[in-house]
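A short worksheet on the structure shown next.
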Amino acid sequence: MNSAIQHLLGIEDLSAATIRAFLDAGSKFKKDLNEKKNLDTLRGKTVVSLFYEASTRTRGSFEMAAKRLGADFSHMTADASSSVSKGETLVDTAKNLEAMAPDFLILRHPSSGAPQILARHLKIPVINAGDGFHEHPTQALLDALTIEEKFGSLKGLNVTIVGDIAHSRVARSNIHLLGKMGAKVTVCGPPTLIPPHMEMLGVKVSYNLKEAVRGADVVMMLRIQFERQNDKQIPSTGEYFRCFGLHAESVKDLKKDAIIMHPGPMNRGVEISADVADGERSVILNQVTNGVAVRAGVLAMLEEGRE
Ligand code: CP
């Protein structure tokens, strides 16, 4: 394992070797936790999570990962029940939590760059659980582990990411990770949901779903993040589903062994039909399962870095 890692703030600044180490750690913990329900890796440690946005998968799987490694886990939601509602800043909130002597802080925040700010102010490891439309590193790691389990390696695979690329931290982290690990990425969606100059990130851009998914080994569908949009960027969800949704008709030309992914939460009937989401190509729940193992690996690697 790589012991030099202090925080996990994003994928962009990680080397391929460090990504490999995180994936190997996730794979190891998947095996270990399958064999033994609970481990002692983080016995005596405390993990605190601070979420300024809603979450089911990320929050739940960090909590399960920490507890299954023997750590105590404490969750803070920045809502009316916390002193954030009285005007306390992010840095003050985090420094006060740090004063209670946890060993890790996991942050989800609507502002891009918030975890980087905390990493400058805190002495304990900071883990980014999603910041604005910047990065969601543990999602990209669990996605990569899921793809590797199916295909053995990421190298040379064609991965098509479809949907609201402009507002997606999942897309950005996956683009960085997949490129570094040798996969070829195409992004697809309506022009209003694809930022200009995406090619500079080493991806192909397509505005035609049928073309973009033909030849793909992996099709990763994204939710439209209406909560991050100032203006209406699609005419209607019905029209979007017809043109960019994955449904019986749009999966007809997929490669025989292509898989379908979605980070969740899904909006059935908007970006994906129920029969495709629940169909035999779907690995969507495998992604969720791998979230626990990958987050266990991240916590363990950061603990090694502290030691
Ligand atoms: N994929 C993901 O981040 O899901 P949650 O928002 O439920 O954590």
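The values are calculated or read from the model by the stated rules, or taken from the named source; none is laboratory data. Computed from a predicted model, the values in this text were never measured in an experiment. Every residue, glycine as well, gets a Cβ built from its backbone with ideal geometry; the counts of neighbours run over all protein chains shown. Ligands, DNA and RNA are stripped out before the accessible areas are found, and what is left, the full protein with its side chains, is counted by its heavy atoms. Shrake-Rupley method; radii C 1.70, N 1.55, O 1.52, S 1.80 Å.
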Q: Kindly work out what percent of the DSSP beta bridges joining two residues of the chain are antiparallel, to the nearest 5.
A: 5
Q | Surface share of carbon and sulfur [accessible, 1.4 angstrom probe, percent] for the chain | A | 51
Q) Once amide H atoms are built 1.01 Å from N in the peptide plane, which residues 5 or more positions from Ala183, or in another chain, come under 5 Å H to H? A) Gly156
Q) Most mobile of Leu142, Leu178, Leu157 per a Gaussian network model of the chain (Cα springs, under 10 Å)? A) Leu157
**Q.** Value of [θ]222 nm, deg cm²/dmol, for the chain, DSSP H segments ≥ 4, -39500 (n - 2.57) each, nearest 500
**A.** -11500 deg cm²/dmol
Q: At 7 Å along the Cα-to-beta-carbon direction for both Ala16 and Ser74, put a label point, then send me their distance in nm to one decimal.
A: 4.2
Q: Might you report the magnitude of the Cβ-based charge dipole of the chain about its Cα centre, with Lys and Arg at +1 and Asp and Glu at -1, to the nearest 20 debye?
A: 360
Q: Could I have the simple spin-label model distance between Lys232 and Leu285, label points 7 Å from Cα toward Cβ, reported in nm to one decimal?
A: 3.7
Q | the stretch 1-48 and the stretch 70-144: distance between their alpha carbon centers, rounded to Å | A | 18
Q) Just the accessible area per residue of the chain, please: how many Å² with a 1.4 Å probe? A) 44
Q | Inter-probe distance in nm under a simple model that places probes 7 Å from Cα toward Cβ, at Thr192 and Glu35 | A | 5.3
**Q.** Dipole of the chain, positive direction: furthest Cα of His75, Phe51, Ile259, with charges on the beta-carbon
**A.** Ile259
